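Report on the structure given below.
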Amino acid sequence: MLDLCLVNCKLDSNAEEVCLGIKGGKIVSIKKLPAHADETIDLNGQIVLPGLIDVHVHFRDPGLTFKEDFHTGSAAAAAGGFTTVLDMPNTLPPTNTPPAFREKLKIGQKKSLVDFGIHAGVSDLSHIKELAELKPASFKIFMDLVDGDFLLKAFDKIKGVAADHVISLHAEDSQLVQQCTRIMKKEGNDPELYAQARPPQAEIKAVEAAISLAWKYNQKVHFCHVSTQKSLQLINNVQAIGCPVTSEITPHHLFLDSSYLNRFGNLAKTNPPLRDKENQLGLKYLPEIDIIGTDHAPTPLRRRRKVFGMPRLVSPDWKPSSPYF
C-alpha cells in the first residue's frame, strides 16, 4: 500500500497527466491510473517538480538573528519549494574558521527544516585545510573587500590543499569600488548614485581577474549574482573552451533595473547594484546562465530605514510587496 498517490499531475508542461505513487517519502511509481494509497491528492493538471536548491542564502545565524535565523529562513524555503539551501559565511562571527563552521553546523542541524550546506569564508589562509575537511559548499571570497595580492594567495592555497573545492566569488573590484564611492559621495546621497558608486566596470574587471586565476590554477570558480551583460559574455566565452567557471543570477537582477532606485530609493539597494537597461541581464539571457540563486538576505524594514535613511517617493507606512526587497 502506498502512503500517497498524486493523481492528474504532469512532469512537464507538455506531458500527459500521470499518477505518482509515493512510499516512505520517495516516488516509487509513475502510472496513468491511480493506485491504492492511504491518501490521494488530485493536482488537477499541475506540474510536479523536484525539490529546488538555493545555492545562495543569508540566514543571519549566528549573531544577526533579529533579521533571520535558520528556522525562519528554512521555513520560508520549504514554503517556496526549496528542499536544500546553501548558507553564506558573513554572519557574526563569520564562518571563516573551523570552530565557527562547526558551530553553524550545529545551529543548522538543530533549527533547519530543509537540507542545508554552508559556504566557508576566507580570511586566515592557515584555516583552509581544516575547513576543507569539513566539506564546505564552497570557499566564498568577497572581491570587493580584498586586494589582488590576497586573492592570488587564496587561490594558491586552496588549490594546494583543497583542489577539488569550488571558489565562489562576489566579483567587484575593491579598488574601483572605493574610488567610485569616494567620487559619488561628493555628489550627494541620492539612491541613484549608488549604482554609479559600484559601476559595471567594477564587476567586469573583477570577473576578468578571476578568470585569469581560474585558468592559471585550473580552479573551479562560481560567480555569484552576475549583473552585467559583459561579465556573462566573458564567463561564457571561457566556459565554452574548458575553463571551469559557472554563473549565477538573482531574481532582482533578472526582473529589476536601476530605475527602481528612483522608484523605491534605498530599499532597492543591492550589491552588486541594479543595472541600467544598457548593462542589465534580463530574462532573455536566462538560457545563458547556469543557475538562479536568490541571495536571500533579510533585514527588518524599520532597521533598513534607520540605517540607510527613509526612501524617497515612499510613504512611512509603505510595505514592500516584492520578495526582492
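Structural remarks
- Scanning the stretch 215-237 for residues that are crowded, with 24+ Cβ neighbours inside 10 Å and among the aliphatic types (A, V, I, L, M), we see that the one that is farthest from PHE155 (Cα to Cα) is VAL226.
- Only helices (runs of 4 or more DSSP H) whose full extent lies in the stretch 193-269 are considered here, and the ones with at least 2 residues that are modelled with pLDDT of 95 or more and over 18 Å from ILE141 (Cα atoms) are 200-217, 229-239, 251-255.
- Top-ranked residue in the stretch 45-59 [being open to solvent by less than 30 Å² (accessible area, probe 1.4 Å) and assigned to a loop (DSSP other than H, G, I, E, B); ranked as farthest from LEU301 (Cα to Cα)]: GLY45
- Just one residue in the set PHE70, PHE66 is of a type in the set (Phe, Trp, Tyr) and more than 17 Å from the chain's Cα centre (by Cα); that residue is PHE66.
- Residues located in the stretch 191-216, provided they are closer than 22 Å to TYR260 by Cα and either without any contact (Cβ under 8 Å) to a residue 12 or more places away in the chain or touching a Phe, Trp or Tyr at 6+ places or on another chain (Cβ under 7 Å) (or both): LEU193
- Members of the stretch 127-146 found to be assigned to a loop (DSSP other than H, G, I, E, B), among the aliphatic types (A, V, I, L, M) and over 27 Å from GLN179 (Cα atoms), listed by number: LEU134, ALA137
- Residues (in contact with a helix residue (DSSP H, G or I) (Cβ under 6 Å, 6 or more places away or on another chain) and either surrounded by fewer than 20 Cβ atoms within 10 Å (Cβ to Cβ) or aliphatic (A, V, I, L, M) (or both)) located in the stretch 255-265: LEU261, ASN262
- For the stretch 161-194, filtering for residues that are open to solvent by less than 20 Å² (accessible area, probe 1.4 Å) and of a type in the set (Gly, Ala, Ser) leaves 4.
- Scanning the stretch 288-312 for residues that are at pLDDT 95 or above and outside any loop (DSSP other than H, G, I, E, B), we see that the one that is surrounded by the most Cβ atoms within 10 Å (Cβ to Cβ) is HIS296.
- Members of the stretch 147-170 found to be over 12 Å from ALA210 (Cβ atoms) and either under 18 Å from the mean Cα position of the chain (by Cα) or not in a helix (DSSP H, G or I) (or both), listed by number: ASP147, ALA162, ALA163, ASP164, HIS165, VAL166
- With respect to (1) part of a strand (DSSP E or B); (2) loosely packed, with under 14 Cβ neighbours inside 10 Å, the lone exception for THR40 is condition (2).
- Residue within the stretch 8-16 that is under 30 Å from SER247 (Cβ atoms), more than 21 Å from the chain's Cα centre (by Cα), assigned to a strand (DSSP E or B) and not hydrophobic (A, V, I, L, M, F, W, C) present: yes
- Scanning the stretch 238-253 for residues that are closer than 21 Å to ALA202 by Cβ and open to solvent by 10 Å² or more (accessible area, probe 1.4 Å), we see that the one that is farthest from the chain's Cα centre (by Cα) is VAL238.
- Any chance LEU274 is open to solvent by less than 50 Å² (accessible area, probe 1.4 Å), at pLDDT 95 or above and part of a loop (DSSP other than H, G, I, E, B): yes
- Residues satisfying the stated conditions in the stretch 72-126, i.e. part of a strand (DSSP E or B), open to solvent by 30 Å² or more (accessible area, probe 1.4 Å) and within 23 Å of PHE155 (Cα to Cα): LEU86
The values are calculated or read from the model by the stated rules, or taken from the named source; none is laboratory data. Source: prediction; values computed, not measured. Here Cβ is always computed from backbone atoms with ideal geometry, including for glycine, and neighbour counts include all displayed protein chains. Calculation scope for accessible area: heavy atoms of the full protein, side chains included, ligands and nucleic acids excluded. Shrake-Rupley method; radii C 1.70, N 1.55, O 1.52, S 1.80 Å.
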